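A quick write-up on the structure given underneath.
Please treat every number below as a calculation from the coordinates, not as lab data. Just so we're clear, the structure is a prediction, and the values are computed from it rather than from any experiment. Using ideal geometry, Cβ is built from the backbone for each residue, glycine included, and neighbour counts are taken over all protein chains shown.
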Amino acid sequence: MRDKYYLNEWLKTKSFDELPERKKELVIRKMLELYYNDKTFYDDLAPTTFGSALSITLYNTIFMKKLIILTHSFPQNVESKNNFLMKYFTDKSVEIVNLDMNTSKNKWLEENLPAWDIFIDDNLDIIKEVAKENKKKKFIMPAVGYSKLTDEDVIFFIENGHIIQPYKKII
């Protein structure tokens, strides 16, 4: 299982934080080049802990009618990403929507699914963008490194009638 969510966090070596800033930038740039150019990038990956739990929950509950996976993808590896997702989310109630890197998830929701219930993402900026345009929704996000909520974030969600649920490990 992957405990890290951003690829550049997951693929780092343990000594990464000890590198000079210039070398850190080079490592991240190289990792992104591999991700961007590798057509089979997702072929050998395992799901995150939360992804596994969500997959299991989908098949063991009557409460989830439909799961729509909105995912930003590079054209080069969209097929690998789809195959990866379909391997773990095989139910007919799952729809995978590939968005180009410039398409807002919030805009897609507004145009295609205005009556959604729960939004799950690992990017706090995307969650906040969606939360600004919607009221009284539930948001779920990992409580790891880059996605930690600040006091201001919590106040924002409460003032807008939202529920925000960070998680560390589900299973």
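Can you give the translational diffusion coefficient of region 33-73 in µm²/s, computed by Stokes-Einstein from the Kirkwood radius over Cα pairs at 37 °C and 0.692 mPa s? Display every interim value, and only then the final one.
Working: Rh = 12.6 Å.
In µm²/s, the coefficient rounds to 261.
Loop-only trypsin sites (Lys or Arg not before Pro) in region 23-107, please: DSSP not H, G, I, E or B, and at most 16 other Cβ atoms within 10 Å. Mind showing how you got there, number by number?
Numbers: sites: 23, 24, 29, 30, 39, 65, 66, 81, 87, 92, 105, 107; in loops: 39, 65, 66, 92.
Those satisfying the criteria are 39, 65, 66, 92.
If amide hydrogens are placed 1.01 Å from N in the peptide plane, which non-local residues have theirs closer than 5 Å to the one on residue 67?
94, 95
Within 10 Å of each residue's Cβ, count the other Cβ atoms and sort 162, 72 from fewest upward. Working shown, then result.
Working: 162 20, 72 15.
So the residues, fewest neighbours to most, are 72, 162.
What is the calculated FRET efficiency for residue 71 to residue 92, with r their C-beta to C-beta distance and R₀ = 22 Å, to the nearest 0.05? If you can, show how the numbers build up before the last one.
Details: r = 19 Å, r/R0 = 0.84.
Computed FRET efficiency for residue 71 and residue 92: 0.75.
With a Förster radius of 35 Å, plug the Cβ-Cβ distance of residue 46 and residue 151 into 1/(1 + (r/R0)^6) and report the FRET value to the nearest 0.05. Let's see the in-between values first.
Numbers: r = 34 Å, r/R0 = 0.98.
For R0 = 35 Å, the calculated efficiency reads 0.55.
Could you put 141, 101, 86 in order, starting from the residue whose Cβ has the fewest other Cβ atoms within 10 Å?
On the way: 141 22, 101 8, 86 12.
Taking fewest neighbouring Cβ atoms as first place, the list is 101, 86, 141.
Taking neighbour Cβ counts within 10 Å as the exposure measure, how do 127, 140 sort from fewest upward? Spell out each step's value before the answer.
Working: 127 25, 140 18.
In order of increasing Cβ crowding within 10 Å: 140, 127.
For region 44-103, calculate the relative contact order in percent as a whole number, restricting contacts to Cα pairs under 8 Å that are 6 or more residues apart. Can you show the working numbers first?
Numbers: 46 pairs, mean separation 26.6, N = 60.
Relative contact order, region 44-103: 44 percent.
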